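Peer 1: Here it is, the structure in full.
The values are calculated or read from the model by the stated rules, or taken from the named source; none is laboratory data. All of these numbers come straight from a predicted model, not from anything done at the bench. Heads up, the Cβs are rebuilt from the backbone with ideal geometry, glycines too, and the neighbour counts pull from every protein chain shown.
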Amino acid sequence: MFNKSLSALAMTTLWIFFFAVCVGLGYPTLNRYDPGVRNPDASEYSKMVRSEEGVAPHFRHRVLIPYLARPIFRAASGRVGSWNPAYFALLLVNSWFVSGTAFLLFMVVSRNMGTPTIALLSSTIYLLNFAVPNLLLAGLVDSGEAFFLMALVGILSAEWFFLLPVAAVLGSLAKETFLPFALVFAATWMVMNRQQRPLGKPVMWLVATGLAGIASLSAVLTRTNGYLLFPWTYAGMLKSNLASPATAAAALKDLNFWYVLAWLLPLGLCQLKHLPREWVMASFITALVAMGFTAYHNSARDAGPAVARPIFSIAGPLLSVSVALLIVDLAERWSALDKKRTIG
């Protein structure tokens, strides 16, 4: 009993530590720059937190994070000095989700793929990425999508399939792209893992997940738009007139894309063979889907920033673990070489 209590205390302390780190990383949004000036999307979410009118239609249904931030905003108004209370509220909620992602990554790696040291290093590398302070903690809502995508990894690795519909409902309320990403991710994982577990029961839960996500997304789209609206109808409304297959290629040339993946992608590829193949393939296929969505919805000019966030949300945790394995491997080799030199 004592050991269980100590373990729970240690896990709680770790999550609090990650949360404090996230608040520090996101602090510039409070006193260094206005997120809404750098990214107009942040202004829309700020309006939602303040319950203002005039929010653009394609933001209104992303309710999870702005609505969670509303009570914090009301409590903070007039009490946080020069800080914008709406961005303060968004920072706290986003920090909760980002720290939760780092914590789930730690739990998955420590239980299934390595030592607590590798797990902690993986979470640290994740939090050190450009995307965390500049995208996930910058007044946006992608932290929710990233959290539930990481939750999928934990659910699928533990085979707690009954939690998939719950993740679909909540993740869809964070961002509508979560639903197709989750279905592709989970389906790929199950197919790759079919030799260890027959597909019968997992497929049943996958269907339930799709139905739960569609119901959740349809309900929030209908409520926020004022008329019956289904996800596939909404997706048809989003197609950009400037979109083309070349848009995806344009994203790969954009600096905003490489700010996020410049070192994470090449270093992360080195140790992927040591990670579960179902996680690797699920991340790869889902990242391709994200590229397709970018080409469908965005112009070439906006493709880089638009695709960097979902790809990091999908593949960032996996690549962070791979980089951690690479660092540990290099450190062990260096240590062995140093011992040889000492003995010699």
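Peer 1: Can you work out which of the residues in the range 141-173 that are touching a residue at least 60 places away in the same chain (Cβ under 8 Å) and of a type in the set (D, E, K, R) is surrounded by the fewest Cβ atoms within 10 Å (Cβ to Cβ)? So that I can check it myself, show each step before the final result.
Peer 2: Pass one, the range 141-173, residues touching a residue at least 60 places away in the same chain (Cβ under 8 Å): 141-146, 149-150, 153, 156-157, 170, 173.
Restricting the remaining residues to those that are of a type in the set (D, E, K, R) gives 142, 145.
Values: Asp142: 27, Glu145: 29.
Going through the qualifying residues, I end up with Asp142.
Peer 1: Would you confirm whether or not the range 300-315 contains a residue that is part of a helix (DSSP H, G or I), surrounded by fewer than 18 Cβ atoms within 10 Å (Cβ to Cβ), hydroxyl-bearing (Ser, Thr, Tyr) and modelled with pLDDT of 90 or more? Spell out how you get there, then give the answer.
Peer 2: We begin by selecting, within the range 300-315, every residue part of a helix (DSSP H, G or I); these are 303-315.
Now drop any that are not surrounded by fewer than 18 Cβ atoms within 10 Å (Cβ to Cβ), which leaves none.
Scanning the range 300-315 turns up no residue that is part of a helix (DSSP H, G or I), surrounded by fewer than 18 Cβ atoms within 10 Å (Cβ to Cβ), hydroxyl-bearing (Ser, Thr, Tyr) and modelled with pLDDT of 90 or more.
To keep it simple, each residue is scored yes or no on (1) buried (at least 19 other Cβ atoms within 10 Å of the Cβ); (2) at pLDDT 80 or above; (3) outside any helix (DSSP H, G or I).
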position: Val203; (1), (2), (3): no, yes, no
position: Tyr227; (1), (2), (3): no, yes, yes
position: Lys239; (1), (2), (3): no, no, yes
position: Ala250; (1), (2), (3): yes, no, no
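Okay, residues lined up against (1) surrounded by fewer than 20 Cβ atoms within 10 Å (Cβ to Cβ); (2) assigned to a helix (DSSP H, G or I); (3) touching a helix residue (DSSP H, G or I) at 6+ places or on another chain (Cβ under 9 Å); (4) of a type in the set (Phe, Trp, Tyr):
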site: Gly36; (1), (2), (3), (4): no, yes, yes, no
site: Arg60; (1), (2), (3), (4): yes, no, yes, no
site: Trp83; (1), (2), (3), (4): yes, no, yes, yes
site: Ser99; (1), (2), (3), (4): no, yes, yes, no
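Peer 1: Condition check: within 19 Å of Asn134 (Cα to Cα), of a type outside the set (Val, Ile, Thr) and in contact with a helix residue (DSSP H, G or I) (Cβ under 9 Å, 6 or more places away or on another chain). Does Pro116 satisfy that?
Peer 2: On the way: within 19 Å of Asn134 (Cα to Cα): no; of a type outside the set (Val, Ile, Thr): yes; in contact with a helix residue (DSSP H, G or I) (Cβ under 9 Å, 6 or more places away or on another chain): yes.
So Pro116 fails the test.
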